[in-house]
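The following block contains the structure, expressed as structure tokens.
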Amino acid sequence: MNTKILLVAASTLLFTGCSTFSDDDVVAEKQPYTHPVPKPSPYKVIERNKERVKHIFVFEFNSSKLPEDAKNNIQPHANYLISNPNKKVSVQGSADSSGGKGYNHRLGEKRAKNIAQLLVELGVEPAQLVVTSAGEARSLYIPSRSVILAY
């Protein structure tokens, strides 16, 4: 009796086990991987300027007079700020270490104010400008006798 039960169970397992496989489950060859085609971006593509925009304006020794090329080099910044009225820029003036700390701080501030005034003349709102002076303190990190625009 036990032999009959084992024989029936074995034959049932054999038939049901073999019936779960089909030829569709067997992969004959692997298909080469192809990269998915990227979908078009929903965002607007902006062409960047090919030229590098100058962010540092170097002044003559002991002077707050605007450099000759200041107006041409600052125009892209003015255009950007006018077209983005919610953006602000920090106009940071600096000086070299040849004078006293107070004098260098005032000179850096005059330089920064002159660059800021030029931006206002070109149409930038004064509220978009934050004028600061580092005096000689940051002349190790940025060129001395300069104004840097930082967004």
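Amide H to amide H, which residues 5 or more places from residue 133 or on other chains are under 5 Å from it, using H placed in the peptide plane?
The answer is 93.
Next up: Would you order 131, 120, 147, 58 from fewest to most other beta-carbon atoms within 10 Å of each residue's own beta-carbon?
Listing 131, 120, 147, 58 from fewest to most nearby Cβ atoms yields 120, 58, 131, 147.
Read-outs: derived from the displayed coordinates by stated rules, not from any lab. Please read these numbers as outputs of a predicted model, since none were measured by experiment. Positions of Cβ are backbone-derived with ideal geometry, glycine not excepted, and every protein chain shown enters the neighbour counts.
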